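In what follows, a single structure is set out as structure tokens and then discussed.
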Amino acid sequence: MAPRPEATVDARVRLSAPATWLLHHKLACAATVSRLGAERISTLLVMLTIGIALALPGLLFVAVERVAEVTERWDGTPRINVFLSEDGGAERAARWEAMADVAEVVYQSPQASLDELLAATGFGGAAFGAAMDGILAGFEGNPLPAVAIVTPTPAAAAPARVRALAVELQKEEGVEGVQVDLEWLQRLQAGLALMQRLTWGLGILLAAAVVLVVGSLTRMAVAQREDEIRVLKLVGGSDGFVLRPFLYLGLIFGLAGGFAAVLLLALALAFIGVPVADLARSYGSDFRLGEMPWAVALVLFGGGGLLGWLAAMLTAGRQISAIEP
Amino acid sequence: MIELIGVSKRFDNGREALSNLSLSLPRGSLTFLTGHSGAGKSTLLKLLLRMELPTRGQVMVGGANLAQMPRRAVPRYRQRIGVVFQDHMLLSDRSVFDNVAIPLVIGGYREADRARRVRAALTRVGLLDKEKQLPTQLSAGEQQRVGIARAVVNRPAVLLADEPTGNLDPELSREVMGLFHLFQQVGVTVLIATHDLELVGSFGDRVVELADGRLKDREAGDGPAS
Ligand SMILES: Nc1ncnc2c1ncn2[C@@H]1O[C@H](COP(=O)(O)OP(=O)(O)OP(=O)(O)O)[C@@H](O)[C@H]1O
Ligand SMILES: [Mg+2]
């Protein structure tokens, strides 16, 4: 076989396989960017649609995680309030400190309890003092019992151990009642677990929605450019070469949507952050939604890009290999 | 270079476009493919481009059997085939330059070489001054010439042309034919399907005539025989 005319100059003018691959990526990306640049409005709308779909589970995730974080800190110090029936409780209570699971016992006399109640309800001021006196006059003396506030050791802080300790304290002499500060926490944690699952569920649903949106957009783009695809295949373009601009279409939609989601989430956190903090303060908590966690921003941005790429791959990939010139 | 052995092509609708066709085109030959409309000329070119597979028989190009070529090997095969289509098939949203450059981009040519080769090809078809225009801004004949420039730009081993002079005046037609002969002289195997019998007659090349998908071979002048 005679040498082909181009064989002698091949090496000098043609790029290596990886360099060709890079060149194809560069050109495909540039072509897609300029195509999208020519349709700014619709690109922006797609970006916002994806952004909203991703920001929603993002916001929920941040809120739930923050609440979980705060309750976890409470988790370490559950308390048992033991109500004592008669005098001499202080000494009896002090002996409980010797119990294995008990770290500390603080005795609170009925008068101290009353003072605390007055302070907490705001009835301690001069204006309400008279009214409160009137209410209390209906009782014989101080209606509040003496309380021993029992703090378990950290090792015994698990809800089950605390409950067992409470049962044991209940059996002690002179104990009228035991209140474990745990039920609401368990309820909150159950609620949080539910919210976490809901967040994941919603996140998966909306991620699927993003895949569907980007998928149908790339499907439309491929259908619109079927003639071009045919020509490219006829002059030797591989499926991968033809597919690449559409992959970039999906990727850019996804990344832009993820970016929009980050912006929307930051905006939402700033917007509802103040009222949430006010609300928490009214419950005596210093809870804050806080700023956008970087990890969440990264997941939204990267996840958006990944979903877009995947959507384009799944739809356009099959579509393009089915186009026979 | 091109070898057809007992090739038949029957389309899904039962129409047999080619019947038991055997043909051999040596490397560096230039052959005209003529015949009435519907004779099967385009079908034959489609088989050579592997746009269609033969129902029976073998199609060999450069030693490769097209019927057995795996799908993923087809793009690389097509990169070595230059093709001018009956309906030139240009990308309407890319400039003349970018259209001609496509095979070079696919082949991974360096940017400087792409520009040089595209301009050389455009110069050959007399359209260098139109490189920035869109195909839709060109006349039909000019579009045809852009198609020819794209077909030859990466110096393929085989050049297939379906009615390449369909929209050209006699003078331009002769120029384009001169171009095809130039490629033949450097070793390219050229196959041109055309109705233009006057054009065919004015060169001393081999002419293969099809009639209803069958061969009506007739040698014209002193062209290379099979
Ligand atoms: N995809 C197809 N499906 C069914 N029949 C087809 C198909 N393509 C071509 N044919 C038929 O095959 C026959 C040969 O067609 P072909 O296009 O090869 O003719 P041709 O010689 O190129 O004609 P022309 O000179 O008009 O271009 C015609 O009768 C045509 O109707
Ligand atoms: Mg035809």
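Only the coordinates and a few stated rules stand behind these numbers; no lab work does. All of these numbers come straight from a predicted model, not from anything done at the bench. Every residue, glycine as well, gets a Cβ built from its backbone with ideal geometry; the counts of neighbours run over all protein chains shown.
Can you tell me the orientation of helix B:170-185 relative to chain B, as the angle in degrees between its alpha-carbon axis and the longest Cα principal axis, to the nearest 10?
Tilt of helix B:170-185: around 80 degrees.
Calculate, in nm to one decimal, what B:S22 and B:R174 gain on full extension: separation in residues at 0.36 nm each, minus their alpha carbon distance.
Length gained, B:S22 through B:R174: 51.8 nm.
In percent, how large is the relative contact order of chain A, given Cα pairs closer than 8 Å and 6 or more residues apart?
27
Report the antiparallel proportion of the DSSP beta bridges in the protein assembly as shown as a percent, rounded to a multiple of 5.
On the way: 33 of 51 bridges.
Once the DSSP bridges in the protein assembly as shown are tallied, antiparallel ones form about 65 percent.
³J(HN,Hα) across region B:151-167 via Karplus (A = 6.51, B = -1.76, C = 1.60, θ = phi - 60°), whole Hz, x for Gly/Pro?
After applying 6.51 cos²θ - 1.76 cosθ + 1.60, I find 5, 9, 4, 9, 6, x, 6, 10, 10, 10, 9, 10, 6, x, 10, x, 10 Hz.
Residues with amide H under 5 Å of A:A103's amide H, sequence separation 5 or more or different chain, H placed in the peptide plane at 1.01 Å from N; which?
The list, which skips near neighbours in sequence, is A:T151, A:T153.
Once you sort the root eigenvalues of the Cα gyration tensor of chain B as a ≥ b ≥ c, which label holds: rounded (a/c under 1.5), prolate (a/b larger than b/c) or oblate (the other case)?
Note, shape of chain B comes out prolate.
Take A:D181 and A:L212, extend 7 Å from each Cα along the Cα→Cβ direction, and tell me the distance between the two endpoints in nm.
Computed distance between label sites A:D181 and A:L212 equals 4.8 nm.
Of B:M51, A:M220, B:M60, how do they rank once you tally other Cβ atoms within 10 Å and put the fewest first?
Going from sparsest to densest Cβ surroundings: A:M220, B:M60, B:M51.
Which of the three applies to region B:115-180, rounded, prolate or oblate, going by the alpha-carbon gyration tensor with a ≥ b ≥ c and a/c under 1.5 meaning rounded?
It comes out oblate by the Cα gyration axes.
Given axes a ≥ b ≥ c from the Cα gyration tensor, I'd like to know whether region A:203-325 is rounded (a/c under 1.5), prolate (a/b larger than b/c) or oblate.
Prolate.
With the radius of gyration and the Kirkwood radius both derived from the Cα set of chain A, what is their ratio Rg to Rh?
Values: Rg = 33.5 Å, Rh = 25.9 Å.
Over the Cα atoms of chain A, Rg/Rh equals 1.29.
Going by how many other beta carbons lie within 10 Å of each one, how would you line up A:T71, B:T31, B:T43, fewest first?
By the 10 Å Cβ count, ascending: A:T71, B:T31, B:T43.
At 0.36 nm per residue, and after removing the present C-alpha to C-alpha distance, how many nm does the segment from B:L134 to B:R94 gain when stretched out fully?
13.8 nm
Once the piece of chain linking A:I52 and A:R318 is laid out straight, how much longer is it, given 0.36 nm per residue of separation minus the C-alpha distance between them?
Extra length available between A:I52 and A:R318 comes to 92.9 nm.
For the ranges A:144-154, A:39-49, what's the packing order if you count other beta-carbon atoms within 10 Å of each residue, average per peptide, and put the highest first?
With the highest mean Cβ count within 10 Å placed first, the list reads A:144-154, A:39-49.
At 7 Å along Cα-to-Cβ for each site, give me the label-to-label distance between A:E91 and A:L117 in nm.
2.7
Mind checking A:217-229 for the average number of partner chain beta-carbons within 10 Å of each residue's beta-carbon?
1
Taking loop as defined by DSSP and a crowding limit of 13 other beta carbons within 10 Å, which trypsin sites (Lys or Arg not before Pro) in region B:1-61 fit?
Passing both the DSSP loop test and the Cβ count: B:R15.
So which DSSP H runs in chain A come out at 15 Å plus along the axis (Cα) with average Kyte-Doolittle of at least 0.0?
Qualifying helices: A:17-37, A:40-75, A:110-121, A:126-137, A:159-170, A:183-224, A:239-282, A:294-322.
Sort A:30-38, B:160-168 by the packing proxy (mean of other Cβ within 10 Å over each peptide's residues), most packed first.
In descending order of packing, they fall as B:160-168, A:30-38.
For a quick check of your reading of the filter: which GluC sites (Glu not before Pro) in region A:146-250 sit in a DSSP loop and have no more than 15 other Cβ atoms within 10 Å?
Numbers: sites: A:E168, A:E172, A:E173, A:E176, A:E183, A:E226, A:E228; in loops: A:E172, A:E173.
Those satisfying the criteria are A:E173.
Out of region A:200-282, which chymotrypsin sites (Phe, Trp or Tyr not before Pro) are coil in DSSP terms and have no more than 10 other C-beta atoms within 10 Å?
none
How far is it, in nm, from the label point at A:L22 to the one at B:R116 when both lie 7 Å from their Cα along the line to the Cβ?
2.1
Which pairs, out of B:K9/B:K46; A:K26/B:K130; A:K233/B:K132; A:K233/B:K41, put more than 19 Å between their alpha-carbon atoms?
A:K26/B:K130; A:K233/B:K132; A:K233/B:K41
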